[in-house]
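**Student:** Let me give you the structure first, and then I'll get to my questions.
Values in this text are rule-based calculations from the coordinates and carry no lab data. Given the structure is predicted, the values throughout are model-derived calculations rather than measurements. All Cβ positions, glycine included, derive from the backbone under ideal geometry; neighbour counts span all protein chains shown.
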4 protein chains.
Amino acid sequence: MRAVTFQEPGRVAVEERPEPEPLAPDDAVVRVEASGICGSDLHIYHGRVQIEPGFTIGHEYVGTVVAAGDAVTGVREGDRVLGTFHTACGTCFFCRRGVYQKCDEARVFGHGATLGSLQGTQAELALVPRANMTLRRVPEGLSDAAALFAGDVMGTGYHAVVAAGLKPGDTCAVVGLGPVGLCAVMAARAAGASRVIAVDTVADRLETARALGAHAVHGVEEDPRAAVKSLTEVGGVDVAVDAVGHPGALDTAIRLARKAGTVSIVGVYAERAEVHMGVLWIKGLNVISGHANVMGHLDSVLAMLATGRLDVSPLVSREMTLEDAPDAYAAYDRREALKIVLRA
Amino acid sequence: MRAVTFQEPGRVAVEERPEPEPLAPDDAVVRVEASGICGSDLHIYHGRVQIEPGFTIGHEYVGTVVAAGDAVTGVREGDRVLGTFHTACGTCFFCRRGVYQKCDEARVFGHGATLGSLQGTQAELALVPRANMTLRRVPEGLSDAAALFAGDVMGTGYHAVVAAGLKPGDTCAVVGLGPVGLCAVMAARAAGASRVIAVDTVADRLETARALGAHAVHGVEEDPRAAVKSLTEVGGVDVAVDAVGHPGALDTAIRLARKAGTVSIVGVYAERAEVHMGVLWIKGLNVISGHANVMGHLDSVLAMLATGRLDVSPLVSREMTLEDAPDAYAAYDRREALKIVLRA
Amino acid sequence: MRAVTFQEPGRVAVEERPEPEPLAPDDAVVRVEASGICGSDLHIYHGRVQIEPGFTIGHEYVGTVVAAGDAVTGVREGDRVLGTFHTACGTCFFCRRGVYQKCDEARVFGHGATLGSLQGTQAELALVPRANMTLRRVPEGLSDAAALFAGDVMGTGYHAVVAAGLKPGDTCAVVGLGPVGLCAVMAARAAGASRVIAVDTVADRLETARALGAHAVHGVEEDPRAAVKSLTEVGGVDVAVDAVGHPGALDTAIRLARKAGTVSIVGVYAERAEVHMGVLWIKGLNVISGHANVMGHLDSVLAMLATGRLDVSPLVSREMTLEDAPDAYAAYDRREALKIVLRA
Amino acid sequence: MRAVTFQEPGRVAVEERPEPEPLAPDDAVVRVEASGICGSDLHIYHGRVQIEPGFTIGHEYVGTVVAAGDAVTGVREGDRVLGTFHTACGTCFFCRRGVYQKCDEARVFGHGATLGSLQGTQAELALVPRANMTLRRVPEGLSDAAALFAGDVMGTGYHAVVAAGLKPGDTCAVVGLGPVGLCAVMAARAAGASRVIAVDTVADRLETARALGAHAVHGVEEDPRAAVKSLTEVGGVDVAVDAVGHPGALDTAIRLARKAGTVSIVGVYAERAEVHMGVLWIKGLNVISGHANVMGHLDSVLAMLATGRLDVSPLVSREMTLEDAPDAYAAYDRREALKIVLRA
């Protein structure tokens, strides 16, 4: 089969790879019809996430089940399915608490040996372990692109605001308007936020946020704190999302949150960083952090996509084919698109 | 001043009454510019709620502060304000827990001696005790009718679904499509419900619910359980609202809820009733009941009305004047309108 | 192997039965070292729960794993384990929300065809499906009797108060002091309840409750409402548990709860019943109902038993052998013991 | 009247000061019978918190109401009362959400102009604004020392674990065993924690923690992470409390928490600090921070003290008189006592 593989920093290839076979009773094999290129894929592309040359990459996927082990009961051969970007066992301490993203046995598609040696989904076929947990049937009428989003980016946007406790009528700020930030904007609106303030420095992204119903504020040319002050009753938002993963963004989120508000950190941190603990503490802020519980939110996100409460079409800027992957990565790296879908 | 008073079952009058004066340091007097007629007013009109003849009725109001005691800090003279249907002290055991509707000192406007001897707001002037808790400034640009709704019916609709724990993507059924039920439909949509199933037997109300985005189901000519089965993944809704207050409606709500779902009872119960405890128990349902925490939800509801996330205009079917009150009550009693606003 | 089987109402037998074999990859077989007789077993004994003659009964068990399928990863051969009274799949809609007691594939041990045709655990060997979910290793130092309780009755007592939202310092009333009620008393104390009022009409049970730290009140000779009034700041308790499953007990629980309190119904209801909806509604009570989420609480309950925060020894009134089962059932039926443990 | 006043860093005096008079309708005056010296007082004593020379200090107090304004309804003249360390208005945005510690009008006793110019309570008489919110009657039988703790340090210990979501059976680590840390240990035990690991470097404090039921671990001579690993099922605790307010303590708390656990920061931060965001994020931790909601927890804490569920007597190491204040501060500064109570 054909598969997109990492070669060296800045270079991916489309190669012939052996077809996967289900081995465990709860494995399934999916014929991938569409896969997405995601911000995390760029980390691999740039060599910031170490991965073996020749390893198949990609972790967003929608397709059709072509084989399933005996213990697979949630989906069956022929089902059109989508999957989450990682697997979960369903029975460990963390899964039993519904914190699937912290499963002791979690494996991430397309991230090499460090995250479980699970070949990626930018390929004609993908092996999906723990299929009962990892796959879900695509609701009637849902497009491939929408289904792709549910298993990763939109699940993260939903998590950013719902896991942070946003209630209908609350105010929300989103710092960083990449795909995750824009999904957070959409989720906040769909969850009933009265005002969403969206902060970035890229005009296109601000424009998209505005089209999604947010108050778009340029992070440098304008003053996000002044904007939040004028748009909220108490001079700060109930939920401030850091969708960047950089101390400057966190600092902004801390400053935009109201007293006793929540800072929601979905942007990735890997190192020590200076944090204004004094402001955090005197405001009495709550913080949630870490990978989103995409698997836990999947039913809700799918239901909202299927009924039009969430609509990701403004975010899909390009469709290409699997064979175009090298060009697609280069284009995505040049930020020419918010999301590229690779069709089989 | 002119005021609408209860005379005897089926008869209200517009009479001259003495103007109120603020007595306590946290009292205010409001010049009422618009007041609403509500379902609860009909209970008085029909003599089902006992009240002294000559007592001023009404409990929904928007107007301007014309006097305020020394301890009133939340609003000031000249402010355009709305108020909740009841007062709360802010400091008792229940207020300290934010359960304002159960305040030990709560008094309800226009309900006679049994609910605190507080004259009603269908009058030119209204005395408002506990003004810091009871009054709130009307946000810029909000219509009188919208403000009226915030302090009673829409607060109840919001409570029906939000206090029941509805999360974005959840499914919801609303049994009974009077003003409260329709507000619950709106609130559920605004809170991100993926599907709202609305049940009633009156064609107009079903039509309004449909216009608000619900799946409207006739309670007798159609089969609500079959509708819910076909529209939900697990054969029942996450939240089922009884907006009627009748054992038949409760029975329907219990049957429409999914296993481990929530039944939200905002319809009023005053007596013993037969409940299908077996179905409730075997499904493992949760129940919330009682008056809505309108005061607790007021900021959120106002913010949603002010930013257009909630829009009550489809529910305001008629505007009349205070002097028209006898005709207005008669029309409301004939169900000719969902909401009648009386202008000063 | 030897097994306790239902014969006809009022009669159980100890018979020779075929040894179970693991069939599915996530099945295990447990050599049962101790099993309990529970109130639910009496329903079978009395013929109120229909079950096939010759079916092995019992659902509380502790023992050693003697065989395990390939997919069993949570426990292994030779482990000393306890199990919950029912199985759960871990992957359905309800399991994904952690509501394991409502699993779409749940099967209850020893309850015949109606609850999943799963042979009981009052036997030398038991087949345990879904072993990853259903079995847990017994913590070091925990007695057989304590382990038995964790998988059923103590899990229910914990659920009765913790799922009802009891917070440290809250007050609690427990109506009905059978094993579940007494476990609720213990759980409430261990969870930091400032006062626990325990209501029953049996002197022994009241005495046990008193020894566990509760204020014991005779339900007929004393006035539970007066007791609660004198012992609580606001004339009612934060959480009122109905541990009986009878309209009279529910009525008492509703009357003992404070305004905006919670009624927790762990007693079993199977039919329609008259409920004082007027009192429930005007108080604004919340209700939780249904089978306890024993599987969801299992880690917590085991940790509390293992560290002595919960101590079930006052409840184990008799130990007998499997061969004594007919006598044991008769004694339990005469209420001579709160809990009888059958040893292999 | 006699009052303890700040003079200069390292020096307090007992001086004659004018008696306070109630000015606002919701003011009260309390004859202080006992006041406490707290860690925050040392910040003033050391000049780290700037305050006007001659300003009366102290913020823990129990006494008798000797005067009350017209609007004071919660307590009356002659009542034995305790108070919280700060006032709250009860009606602002934050009070309406029950976040009393962030009240827009909050004033802290004995902290000079920067925190509201409210004279302290280490005096014969204290003016208490917002008496309905700030004062509570002392439950029958509660000692002065216990009542003192309720309004500040024990309320903070309760907050540290309960606001962090600790559930019965959970595990907890407390880093820093000053009075607040030890109160957190007690609160965790009383709330049903299965294991509490207490970390400090002072032998006496470790001994006290051990006596309170904790596993005491020396922060330098032993390895807290190894201790937590051996005592918890998943290699980390559910709730890790930073009761110090120093980056090293926060780092330890972050490392002791389990994946998806909660770090509870009750230690005070005033500046920027380096935080291991990488560990925080990859673990997916939640954080709560800031002043404790002592007023919100007051009913619960008082009920637990009054019924013996919490017992602060091990923490009160010395009783002195108001006139001894200079010696008392010097002794407290030398860490000769965990808590000193000054009697009038």
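**Student:** Which is farthest toward the positive dipole end of the range B:79-185 among B:Leu115, B:Leu142, B:Phe93, measuring Cα position about the Cα centre, with Cβ charges +1 (Lys, Arg) and -1 (Asp, Glu)?
**Tutor:** Sorting the options by dipole projection puts first B:Phe93.
**Student:** Could you compute the FRET efficiency for B:Arg343 and C:Arg318, with r as their C-beta to C-beta distance and R0 at 56 Å, rounded to 0.05?
**Tutor:** On the way: r = 77 Å, r/R0 = 1.38.
E(calc), rounded to 0.05, equals 0.15.
**Student:** Another question, then. Which whole number gives the average, over all residues in D:191-204, of C-beta atoms from other chains lying within 10 Å of the residue C-beta? Before the final figure, lay out each step's value.
**Tutor:** Numbers: counts 6, 15, 6, 14, 4, 1, 0, 0, 0, 0, 0, 0, 0, 0.
Taking all residues of D:191-204 together, the mean is 3.
**Student:** Which residues in the range D:118-137 have a backbone N closer than 15 Å to a point placed 7 Å from the Cα of D:Glu52 along the Cα-to-Cβ line?
**Tutor:** D:118-120
**Student:** Using helices alone, what [θ] at 222 nm do you get for chain A, with -39,500 (n - 2.57) per DSSP H run of 4 or more residues, divided over all residues and rounded to the nearest 500? Let's see the in-between values first.
**Tutor:** Values: 12 runs with 100 residues, N = 344.
For chain A, the value works out to -8000 deg cm²/dmol.
**Student:** If we count every other residue with Cβ under 15 angstrom of D:Arg97's Cβ, Lys/Arg +1 and Asp/Glu -1, where does the sum land? Intermediate values should be presented prior to the final figure.
**Tutor:** Working: positive: A:Lys167, A:Arg258, A:Lys259, A:Lys283, B:Arg96, B:Arg97, B:Arg136, D:Arg96, D:Lys102; negative: A:Asp170, A:Glu233, A:Asp238, B:Asp299, D:Asp104, D:Glu105.
That works out to +3.
**Student:** Treating only the Cβ atoms of Lys and Arg (+1) and Asp and Glu (-1) as charged, compute the dipole magnitude of the range B:87-231 about its Cα centre; round to the nearest 20 debye. Could you put the intermediate results ahead of the total?
**Tutor:** On the way: 14 positive and 13 negative charges, 127 e Å.
The dipole magnitude comes to about 620 debye.
**Student:** Let me ask something else about it. Distances from B:Ser117 to the same residue in each other copy, label points 7 Å out along Cα→Cβ, in nm, shortest first?
**Tutor:** When each copy's label point is compared with this one, the spacings are 4.1, 7.2, 8.3 nm.
**Student:** If you wrap a convex hull around the Cα atoms of the range A:221-325, how much volume per residue is inside, in Å³?
**Tutor:** Taking only Cα atoms, the range A:221-325 has a hull volume of 191 Å³ per residue.
**Student:** Less than 20 Å from a label point 7 Å out along the Cα-to-Cβ axis of C:Asp311: which backbone N atoms in the range C:207-222 qualify, by residue?
**Tutor:** C:207-216, by backbone N distance to the label point.
**Student:** Moving on to the next point. So which of B:Lys167/D:Lys283; A:Lys259/D:Lys283; C:Lys167/C:Lys259 end up more than 20 Å apart, counting from Cα to Cα?
**Tutor:** Values: B:Lys167/D:Lys283 25 Å; A:Lys259/D:Lys283 25 Å; C:Lys167/C:Lys259 16 Å.
Correct reply: B:Lys167/D:Lys283; A:Lys259/D:Lys283.
**Student:** Let me ask something else. Within 10 Å of each Cβ in C:161-173, how many Cβ atoms from other chains are there, averaged over the peptide? Present the calculation step by step, with values, prior to reporting the outcome.
**Tutor:** On the way: counts 1, 4, 1, 1, 0, 1, 5, 17, 18, 4, 2, 0, 0.
Mean number of neighbouring Cβ atoms from other chains: 4.
**Student:** Can you give the Kirkwood hydrodynamic radius for the range A:240-284, in Å, rounded to one decimal and based on Cα pairs? If you can, show how the numbers build up before the last one.
**Tutor:** Details: mean 1/r = 0.0954 Å⁻¹.
Over the range A:240-284, the inverse of the mean reciprocal pair distance is 10.5 Å.
**Student:** Right, another one. With every atom except the alpha carbons ignored, what do you get for Rg and Dmax of chain C, in angstroms?
**Tutor:** Computed over the Cα atoms of chain C, radius of gyration and Dmax are 19.7, 60 Å.
**Student:** Further question: Name the shape class, rounded, prolate or oblate, that the alpha-carbon gyration tensor gives for the protein assembly as shown, where a ≥ b ≥ c are the square roots of its eigenvalues, rounded holds for a/c under 1.5, and otherwise prolate holds if a/b is larger than b/c and oblate otherwise. Mind showing how you got there, number by number?
**Tutor:** Working: a/c = 1.22, a/b = 1.18, b/c = 1.04.
Taking the square roots of the gyration eigenvalues as a ≥ b ≥ c, the protein assembly as shown is rounded.
**Student:** Efficiency by 1/(1 + (r/R0)^6): what FRET value for A:Ser230 and B:Glu274, r their Cβ-Cβ distance, R0 = 60 Å, to the nearest 0.05?
**Tutor:** Values: r = 55 Å, r/R0 = 0.92.
That pair, A:Ser230 with B:Glu274, gives E of 0.60.
**Student:** When a footprinting reagent is the concern and you count Cβ atoms within 10 Å, what order do A:Met277, D:Met133 take, fewest first? All intermediate terms of the calculation are to be shown ahead of the outcome.
**Tutor:** Values: A:Met277 22, D:Met133 28.
If I rank by nearby Cβ atoms, fewest first, I get A:Met277, D:Met133.
**Student:** Where the label is 7 Å out from Cα toward Cβ, how close does C:Asp333 come to the same position in every other copy, in nm, shortest first?
**Tutor:** 6.4, 7.9, 8.0
**Student:** May I pose another question? When Rg is the radius of gyration of the Cα atoms in the range B:164-289 and Rh is its Kirkwood radius, what does Rg/Rh come to? Intermediate values should be presented prior to the final figure.
**Tutor:** Details: Rg = 12.9 Å, Rh = 13.9 Å.
Here the Rg-to-Rh quotient is 0.93.
**Student:** Another one. Placing +1 at every Lys and Arg Cβ and -1 at every Asp and Glu Cβ, with all other atoms neutral, what dipole size does the range D:164-289 have around its Cα centre, in debye to the nearest 20?
**Tutor:** On the way: 12 positive and 13 negative charges, 84 e Å.
The calculated dipole for the range D:164-289 is roughly 400 debye.
**Student:** Let me see the pair-distance distribution of the range A:1-141: every alpha carbon pair, 5 Å bin width, integer percents in order.
**Tutor:** 2, 11, 20, 23, 20, 14, 7, 2, 0
**Student:** If we count other beta carbons within 10 Å of each Cβ, what is the order of C:His291, B:His297, B:His215, fewest first?
**Tutor:** Details: C:His291 21, B:His297 26, B:His215 18.
The fewest-first ordering by Cβ neighbours comes to B:His215, C:His291, B:His297.
**Student:** Rank C:Ala209, C:Ile340, C:Gly290 by how far each Cα sits towards the positive end of the charge dipole of the range C:199-344 (+1 on Lys, Arg Cβ; -1 on Asp, Glu Cβ) and give me just the farthest.
**Tutor:** The residue sitting most towards the positive pole is C:Gly290.
**Student:** Let me ask something additional. Round to the nearest 0.05 the FRET efficiency obtained for D:Arg335 and D:Glu140 when R0 = 35 Å and r is the Cβ-Cβ distance. Intermediate values should be presented prior to the final figure.
**Tutor:** Working: r = 34 Å, r/R0 = 0.98.
E(calc), rounded to 0.05, equals 0.55.
**Student:** Taking every residue in D:300-309, how many Cβ atoms of other protein chains lie within 10 Å of its Cβ, on average? Could you put the intermediate results ahead of the total?
**Tutor:** Numbers: counts 7, 3, 3, 10, 6, 2, 3, 8, 2, 8.
The shielding value for this peptide is 5.
**Student:** Ranked highest first by the average count of other Cβ atoms within 10 Å around their residues, in what order do B:44-52, C:118-126 fall? Please list the in-between numbers first.
**Tutor:** Details: B:44-52: 15.6, C:118-126: 25.7.
With the highest mean Cβ count within 10 Å placed first, the list reads C:118-126, B:44-52.
**Student:** Here's something else I'd like to know. All other residues with a Cβ under 15 Å from the Cβ of A:Ala34 taken together, and with Lys, Arg as +1 and Asp, Glu as -1, what is their net charge?
**Tutor:** Working: positive: A:Arg2, A:Arg31, A:Arg80, A:Arg318, A:Lys339, A:Arg343; negative: A:Glu33, A:Asp41, A:Glu60, A:Glu124, A:Asp144, A:Asp152, A:Glu319, A:Glu323, A:Asp324.
After counting each charged neighbour, the total is -3.
**Student:** Let me ask something else. Considering only the label points, 7 Å along Cα→Cβ from Cα, what distances in nm to one decimal separate D:Pro18 from the same position in each other copy, shortest first?
**Tutor:** Going from nearest to farthest copy, the values are 4.1, 9.2, 9.7 nm.
**Student:** Which of A:Gly47, A:Ala190, A:Val14 sits closest to the plus end of the dipole of chain A, meaning its Cα is farthest towards the positive end, when Lys and Arg get +1 and Asp and Glu get -1 on the C-beta?
**Tutor:** Farthest along the dipole direction, towards plus: A:Ala190.
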